[in-house]
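A.B. asks: Before I ask anything, let me first share the structure, which is written out below as structure tokens.
All of the numbers you see were taken from the coordinates with simple rules; none came from a lab. What you are looking at is a predicted structure, and each value in this text was computed from that prediction instead of being measured. Cβ atoms come from the backbone with ideal geometry, glycine included; neighbour counts cover every protein chain shown.
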Amino acid sequence: MDVRSKIDDIIEITRINELLDKREAANAKKPATIILWVLAVIGAVSAVAVIAYLVYRYMTPAFEDDYYDDDFDDFEDDFDDDDYITEG
């Protein structure tokens, strides 16, 4: 029976080692998951920033009157073609 118990102990140790190897394999994936989480957070923050910018652009009125004047018609009226026609 002594040999039988030693064999059972060896099998038990083998099972424990297999479980430990699985845990080590799971821990080896942690740096990749950390990088994934960091990229996910950066993506979420940038998405919120883009949405905030778009809401700002939508809510802020564009004062086109400040940039474009309708006085261009008056400029054309100052130079009529009739003034430049010379009779010869």
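A.B. asks: Efficiency by 1/(1 + (r/R0)^6): what FRET value for T14 and W37, r their Cβ-Cβ distance, R0 = 41 Å, to the nearest 0.05?
C.D. replies: Computed FRET efficiency for T14 and W37: 0.70.
A.B. asks: So, R0 is 41 Å and r is the distance between the beta-carbons of L54 and K29; what FRET efficiency does that work out to, to 0.05? Could the numbers behind the result be given before it?
C.D. replies: Details: r = 37 Å, r/R0 = 0.90.
For L54 and K29, the calculated efficiency is 0.65.
A.B. asks: Report the local net charge at R23: Lys and Arg +1, Asp and Glu -1, summed over other residues whose C-beta lies under 14 Å from its C-beta. Write out the running numbers ahead of the final one.
C.D. replies: Values: positive: R15, K22, K29, K30; negative: E18, D21, E24.
Computed value for this residue: +1.
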